[in-house]
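Below is one structure, written out as C-alpha cells; comments come after it.
The values are calculated or read from the model by the stated rules, or taken from the named source; none is laboratory data. Predicted model only: the values in this text are computed from it and were never measured. Here the Cβ is made from the backbone with ideal geometry for all residues, glycine too, and neighbour counts use every protein chain on show. Heads up: the accessible areas ignore ligands, DNA and RNA and are worked out on the full protein's heavy atoms, side chains in. Shrake-Rupley method; radii C 1.70, N 1.55, O 1.52, S 1.80 Å.
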Amino acid sequence: MLDQLARRTLGAIATLGVVIVAVFFATRLSGNAADYLLPPGIDANTRALMITQMGLDQPLMLQFWHYVQGLFSGDMGISLFERRPVLDIYSERLPNTLMLFAYALGLSVALGLPLGLAAALNRGNALGAAIMSVAFVGYATPNFVLAIIMILVFSFNLHWLPSSGSMSPIHFLMPAIVLAAPMLAEIIRFTRNAMLDVLGQDYLRTARAKGLPEHLVVGKHALRNAAIPVVTILGLQVAGMVARVVIVESVFATKGIGDLVVFAAIGRDYPVLQFGVILIAMIVVTSSLVVDYAYAALDPRVKVAAS
C-alpha cells in the first residue's frame, strides 16, 4: 500500500512538471503579448524597449529557464498588464474563490448525503424518484446554462439576488448553487447506490436482530461502509469543481482566480495565466492524492491503483 501511494505521489509530481512545461510553451504559441499590451501606432524604439522590459526579447529556452528558477524561489513573475507581482494579484483574488468553494462544497455535502440516503431508503416510491430526477437535471444541465437561467429568474425578474459582484456573502449564493449542482447530483447518486449495496448485507440483518434501532443500523453501520465510494466521488468532483469555477466566476464576475485566468488568457498575460493553470493543476492533483490516502485510511484492504 505504501509503495503504491509513494508511486502515486511521484506520479503527481511528474504530472505537475509536465503541466509547467506545457503551459509555458503553449502560452507562447497563443500569440505575442506585445501585440495585445502595447498601443497601436507605437514607434519601433519604444516598442523594442517595452519588449525588453517585459523580458520577451530573450530566447525562449532562456525565458523558460528563468521561469523555472523563479518557481523554485517563490517568484511567480510580474504581470505584463498590471506590472505587479503575480502572487500579489492572486492573493487579492484567492479569498473570493475560497469563499465560493466553501459555499459550494458545504452545500453539496450538506444536501447530497441526506438526499442520497433518503433516495435509497425510499427506492421505488415517489420521493425517491423525485430526488433522483432532480439529481439528473442538476448533473445534465451545463453550468453556463444554469447560471443564465438563475440570473434571468432571480436577478432580472424577481430581483431577489445580485447577478454579479463579491461585496457580500449573498453575492456568492447563486454562483455557489451553480458550481455545486453537478457535485450535488453525483453525491446523491453515489450515496444512493452505495447505500443500496450495503442495506441488504448480512451484518445489517444481524444488527437488527440484536435489537439495534433502525437509525443506528443505517447511520452507524450502513452509512460508514458506504462512505468509501462517496469519498472517491467527492474528491473527483472537487477536482472537477476547480475546472468549472473558471466558467462560473466569469459569468457572475465574482473577482476570483477563475475570471482572472480568463482575462489573462485573452490578454496574453503570460505570467498570470501560467500560475493560474499551475495552481489549478496543483489542486486537481492534490485532490486525487487525498482520495487515495482517504481510501487507505477508511479501508486498508483497498489497493490503490498505481496508474
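Miscellaneous remarks
- Ranking His66, His171 by solvent-accessible area of protein heavy atoms (1.4 Å probe, all protein chains present), from largest to smallest, gives His66, His171.
- Accessible area in the full protein assembly, largest first, 1.4 Å probe, for Trp160, Trp65: Trp160, Trp65
- Highest mean packing first, where packing is the average number of other Cβ atoms within 10 Å per residue, the peptides 143-152, 272-281, 55-64 line up as 272-281, 143-152, 55-64.
- Anisotropy class of segment 127-179 from Cα gyration tensor, a/c 1.5 cut: prolate
- For segment 68-120: Kirkwood Rh in Å [reciprocal of mean 1/r, alpha carbons]: 14.1
- Order of exposure, largest accessible area first, which applies to Ile13, Ile177, Ile20 with probe 1.4 Å: Ile13, Ile177, Ile20
- With DNA, RNA and ligands ignored, accessible area of Arg268 (1.4 Å probe; Å², nearest 10): 40
- With every protein chain in place, segment 85-145: carbon and sulfur % of accessible area (1.4 Å): 75
- Förster radius 45 Å - calculated FRET efficiency between Ala48 and Leu98 (Cβ-Cβ, nearest 0.05): 0.60
- Efficiency of FRET between Leu62 and Leu161 - r from beta-carbon atoms, R0 51 angstrom, step 0.05: 0.55
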